[in-house]
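Report on one structure; see the data block that follows.
The values are calculated or read from the model by the stated rules, or taken from the named source; none is laboratory data. Quick caveat, the model's predicted, so the values are computed rather than measured. Please note: Cβ atoms are built from the backbone with ideal geometry, for glycine as well, and neighbour counts cover all protein chains shown. With ligands, DNA and RNA removed, areas are computed over all heavy atoms of the protein, side chains included. Shrake-Rupley method; radii C 1.70, N 1.55, O 1.52, S 1.80 Å.
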Amino acid sequence: MSILPRPRADSPHLAVIGAGVGACALVASLRRQGWPAERISLWESGRGPGGRTATRRSRQDSHLRIDHGAPLFNITASPDPALLAPLLAGGWIEAWQGTLACLDINGGLAGRLEDPLCQGQLYRGRQGMEHLCRGLLALAGGAIDSHYGILVRHLETSSEGRWQLLDSAKELLAEADWLVLGSTLLAHPRSRLVLGWETLPLAVGAAERADPDLVHSLAAIASIRAEARSNLLMVVQASEAAPWRALPFRLLSFDTAAQQRWGLRRVAIQPLEDGRCAVVAHSTATVAAEYLNVYGSRSSIARHLGMAPPQQRETEVIAALEHGLQEALAAWLPEPSGPPPPEATPWPGVHSELMRWGAAFPQLPGLPQDLALCRRSRVGFCGDFIEGPGFGRVEGAMRSGEALARRLLEAAESVQ
Ligand SMILES: Cc1cc2nc3c(=O)[nH]c(=O)nc-3n(C[C@H](O)[C@H](O)[C@H](O)COP(=O)(O)OP(=O)(O)OC[C@H]3O[C@@H](n4cnc5c(N)ncnc54)[C@H](O)[C@@H]3O)c2cc1C
């Protein structure tokens with residue numbers, strides 16, 4: 001697939017909200033089929049692209065790099081997404097080479113790995129999962145008008161019938177002929193509850209447009225449930241990291257009984273270049289539901305709402321997750337010497353944080369594919385919440401972006 005620019009002064013302007021895998025795959029596919037770069041704008045509330053495949057970095061600590069969402073991704077259906085081969089060829093992603101293991105209820109390694117996230121062909125972003133989305137945007141080529149750190153808060157319709165994107169202060173960010181939502185945030189009733197919004201931005205736009213397809217899509221999105229995750233992020237100092245780096249796996253999945261026992265689903269071991277080791281322990285959905293209103297002070301929700309979550313509750317959740325992890329990995333890690341000081345981690349030289357994902361994994365039924373494009377109101381949706389192969393995973397998000405690009409190109413041509 002090569003870039004076939006068809007520069008047309010009258011190409012419609014497209015605004016894409018979100019820079020997760022689905023939206024980045026959409027932009028890459030559109031560009032490679034000729035949609036001019038200057039007719040696409042991309043709006044993302046995070047500091048960079050990636051969404052749930054982002055890599056945590058720090059300006060003060062150049063060696064820190066933690067894949068705090070998806071640590072890898074898998075392709076289970078065929079043919080491969082069209083963008084997979086160019087991502088591999090460009091060195092943006094690589095085959096996953098780390099050892100996978102499964103933990104049983106006795107804290108030993110089980111024979112069979114049944115984790116649905118580890119079936120098929122496994123890949124990861126090279127030098128961090130963020131390179132998956134960065135690679136997709138590089139494949140898009142051209143100077144896409146990209147905006148990071150901006151939450152699109154309102155959607156309105158101009159007197160000419162174009163989409164208007166506005167920020168929290170109701171300042172106009174952009175106007176576009178077509179709108180794509182790479183996330184359910186502006187369309188799902190959950191946002192009203194979590195963010196305290198009185199109205200749903202897309203519902204306001206839909207009322208203005210009287211499009212039965214969009215009403216149908218909104219109803220389908222409203223019924224999508226998602227599992228949360230409350231994850232423990234740890235960085236182990238180099239002087240204490242040897243036992244962690246020597247663990248005989250890089251990704252440990254817990255079988256069902258082990259999940260129930262320790263409240264954890266997976267542990268990703270991510271050695272850092274400077275000798276430290278990052279460890280991400282993913283909670284079960286049950287544990288996340290138990291601590292549903294504890295966001296974690298580093299979460300984007302806390303940042304956007306300008307709120308400081310109660311430290312005490314956060315400390316409790318961290319302690320519970322650490323306790324589960326300590327017991328689950330007891331066979332490999334040295335016993336801590338003496339009782340730990342109150343409110344400290346069980347291990348020396350470890351800094352722990354909570355990272356909560358309110359909607360980590362959408363559950364079926366998702367948004368049916370035929371509702372992913374509402375031609376009359378000129379709205380499209382992409383992301384892992386669209387039904388199809390790879391639903392609820394990176395694969396589904398990537399495929400949904402590719403599929404929406406095909407449909408958008410057709411639709412945009414037919415209305416010109
Ligand atoms: C802890 C965890 C572990 C996972 N592990 C795996 C795994 O091993 N394998 C796998 O395949 N998948 C895994 N997943 C799922 C995978 O990460 C997702 O399926 C995939 O990343 C979804 O991509 P997306 O483009 O649909 O959405 P997202 O990544 O959620 O992207 C949506 C983006 O839109 C932005 N956004 C939303 N609304 C607005 C707005 N109004 N204004 C501006 N920006 C906005 C968000 O900030 C976000 O960046 C995991 C997810 C989590 C949370």
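So here's what we get for this one:
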item	result
Boolean, Phe361 is closer than 29 Å to His68 by Cα, assigned to a strand (DSSP E or B) and modelled with pLDDT of 95 or more	yes
Subset of region 378-399 (residues that are in a loop (DSSP other than H, G, I, E, B), basic (Lys, Arg) and more than 7 Å from the ligand (Cβ to nearest atom))	Arg378
Any pair with Cβ under 9 angstrom, 6 or more apart, that starts in region 315-329 at a residue that is closer than 14 Å to Leu354 by Cβ and ends at one that is open to solvent by 40 Å² or more (accessible area, probe 1.4 Å) and part of a helix (DSSP H, G or I)	Val317/Glu290; Ala320/Glu290; Gly324/Arg261
Residue ranges of strands (runs of 3 or more DSSP E) in region 84-198 with at least 1 members in contact with a Phe, Trp or Tyr (Cβ under 6 Å, 6 or more places away or on another chain)	93-95, 100-103, 121-125, 145-148, 172-176, 178-181
Candidates Leu409, Leu371 - the one that is more than 9 Å from the ligand (Cβ to nearest atom) and touching a His at 6+ places or on another chain (Cβ under 9 Å)	Leu371
Of residues in region 43-66 being within 9 Å of the ligand (Cβ to nearest atom) and assigned to a strand (DSSP E or B), the one surrounded by the most Cβ atoms within 10 Å (Cβ to Cβ)	Glu44
Qualifying positions in region 229-238 - touching a residue at least 40 places away in the same chain (Cβ under 8 Å) and surrounded by fewer than 19 Cβ atoms within 10 Å (Cβ to Cβ)	Gln237
Unmet requirement for Leu186, which otherwise passes all of (1) within 11 Å of the ligand (Cβ to nearest atom); (2) more than 30 Å from Leu30 (Cβ to Cβ); (3) not assigned by TED's automatic domain parsing to the domain that holds Ser283	(2)
Near pairs, Cβ below 6 angstrom, 6+ apart or cross-chain, from region 245-272 (on the phi > 0 side of the Ramachandran plot) to any residue that is of a type in the set (Lys, Arg) and buried (at least 23 other Cβ atoms within 10 Å of the Cβ)	none
Residues that are in contact with a strand residue (DSSP E or B) (Cβ under 8 Å, 6 or more places away or on another chain) and either of a type in the set (Asp, Glu) or surrounded by fewer than 20 Cβ atoms within 10 Å (Cβ to Cβ) (or both), drawn from region 239-249	Glu240, Arg245, Leu247, Pro248, Phe249
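A quick yes/no check of all residues on (1) in contact (Cβ under 8 Å) with a residue 60 or more places away in the chain; (2) under 16 Å from the mean Cα position of the chain (by Cα):
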site	(1), (2)
Gly18	yes, yes
Leu30	yes, no
Ala37	yes, no
Asp67	yes, yes
Pro71	yes, yes
Ser78	no, no
Ala82	yes, no
Gly98	yes, no
